[in-house]
Amino acid sequence: MKVLKKEIVAGSAIQTFHFFIQWHLTERCNLSCRHCYQQKGKVREMTPEEIKAQIDGAADMFQAWEEEQGMTLSPSIHFTGGEPFLYDGLWDAVAHARDAGCRTAILTNGSLIRKEDARRAKTLGVSEIQISLEGPRDIHDKIRGKGSFAAALRGARILAENGQNVMANVTLSRLNADRIEETVETAKDAVFSSIGFSRLVPCGSGHDLLAQMLNPQEIRQAFSQILDLNGPDFEVSSGDPLATVLAGVKPAKGCSLALSGCSAGFSGVTVACDGTVMPCRRIGLAAGNLRKSSLRKIWATSRLLWRLRNRENYKGSCGRCILWPVCRGCRAVAYACSASQGRADLFADDPQCWLIDQEETPPAAKFP
Ligand code: SF4
Ligand code: SF4
């Protein structure tokens, strides 16, 4: 365990370590999307003052990593919700994160953005604002509610007119996977500067959409189409581990360090609006709480996070796979799908991986 910790924290194979915090400022939202992963219920949100103090704590952690591990760090904080524009301290938090040396991004449904917000985003140097887009108008409104497409595009336009980078992000499922090309065209026409795709995770309200999950071959086809649509004028991408696999990313021979792929436990962390720290919002398990402990301490000592870093915990094909260092599957999908079968297992195989589908347990030699 000691050796493992040293290797991963040092990130010896990585020159610049990109680390992100996905910071949920609120659970409140003005929409009610079918695939939302938020759990309903009352929570005590952190105040802007609490959030700023915790951003300072995170900045200290980043500085300590650089000094102690001799690495160059590129930290970013992605503020989201619920709907982050419903949180009164949003701009305070963004400004504080910027002053602490972090890149900032905002993930939103876009519907509440006003000209004043666009001006502030630009003044504060927000790197990117990501607006959820589910497809052309009919699909988007079916998933996110009537009128939500027009509202999202209005927000995107206001931002773009102020010279802001606006990315569209799509959650892939059977509800929209047959409209990928049209969705990309929609985003282009609507002044988005790029588009990204992520997978539906059947947790929260999204649990009802279990039947809408794509099977391994459908996911492969969808990611393949996404890679083909990428071009110099308009970026079409996916940060999903399986898209990385399809793009041909491979670890160096003999490498056993996690380098890319699923960020849970490795290169990113989620902070919920009540201070709960999670490996990923879509996994939903708690590693600690900022009201009781610092992020630095939680990151260094959480048993849950260390379990995610230890390859020996990964079951079946994912554990044996030579692509483990650059993939590990989506732990949230693995967890949610195994839970739906009554045997929740964070380290189960990713059920949407087409490589596993070939046989029950593909040996490492089968991978390209
Ligand atoms: S668990 Fe899935 S959604 Fe979360 S970071 Fe990993 S790949 Fe992304
Ligand atoms: S078996 Fe697991 S680690 Fe290997 S490619 Fe598939 S999802 Fe990724």
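Values in this text are rule-based calculations from the coordinates and carry no lab data. Because the structure is predicted, anything quoted here is derived from the model rather than measured. No Cβ is skipped: glycine too gets one built from the backbone with ideal geometry, and neighbour counts run over all protein chains shown.
So what is the calculated 222 nm ellipticity per residue for the chain, using -39500 (n - 2.57) for each DSSP H run with n of 4 or more, over all residues, to the nearest 500 deg cm²/dmol?
-10500 deg cm²/dmol
Could you run the Karplus curve 6.51 cos²θ - 1.76 cosθ + 1.60 with θ = phi - 60° over region 62-79 and give me ³J(HN,Hα) per residue in whole Hz, x for Gly and Pro?
4, 5, 5, 4, 4, 5, 7, 9, x, 9, 9, 10, 10, x, 9, 10, 9, 8
Scan around Val170 for amide H atoms under 5 Å from its own, H built in the peptide plane at 1.01 Å from N, and keep only partners 5 or more places away or cross-chain.
Answer set, sorted by chain and number: Leu133, Gly196, Phe197, Ser198.
To make sure I understand the rule: partners must be aspartates and glutamates, Cα under 19 Å from the Cα of Lys122, and not fewer than 8 residues away in the same chain. Which ones qualify?
List returned: Asp88, Asp92, Asp99, Glu161.
DSSP loop (so not H, G, I, E, B), at most 13 other Cβ within 10 Å: list which trypsin sites (Lys or Arg not before Pro) in region 199-303 pass both filters.
When the trypsin sites (Lys or Arg not before Pro) of region 199-303 are filtered for loop state and at most 13 Cβ neighbours within 10 Å, Lys253, Arg291, Lys292 remain.
Of the chain, which part is the longest with no GluC sites (Glu not before Pro) in a loop (DSSP not H, G, I, E, B) and with at most 14 other C-beta atoms within 10 angstrom?
Excluding the exposed sites themselves, the longest stretch runs over 1-358.
Please work out how many pairs of lysine residues in region 222-368 are eight or more positions apart (or on different chains) and have Cα atoms closer than 27 angstrom.
The number of close lysine pairs in region 222-368 is 5.
Under a 5 Å amide H to amide H cut-off, with H placed in plane at 1.01 Å, what residues pair with Phe19 once short-range neighbours are removed?
Excluding prolines and chain starts, which carry no amide H, the hits are Ser74, Ser76.
So, how do all the Cα-to-Cα distances of the chain break down into 10 Å bins, in percent, from 0 on up?
Per 10 Å bin, starting at 0, the Cα pair percentages come out as 5, 24, 34, 28, 9, 0.
For Gln341 and Arg307, calculate 0.36 nm times their separation in residues minus their Cα-Cα distance, and state this gained length in nm to one decimal.
Length gained between Gln341 and Arg307: 10.0 nm.
Would you kindly derive the ³J(HN,Hα) couplings of region 150-158 from the backbone phi angles with the Karplus curve 6.51 cos²θ - 1.76 cosθ + 1.60 (θ = phi - 60°), listing them in order in whole Hz, with x for Gly and Pro?
Computed from phi, the couplings for region 150-158 are 4, 5, 5, 5, 4, x, 4, 5, 4 Hz.
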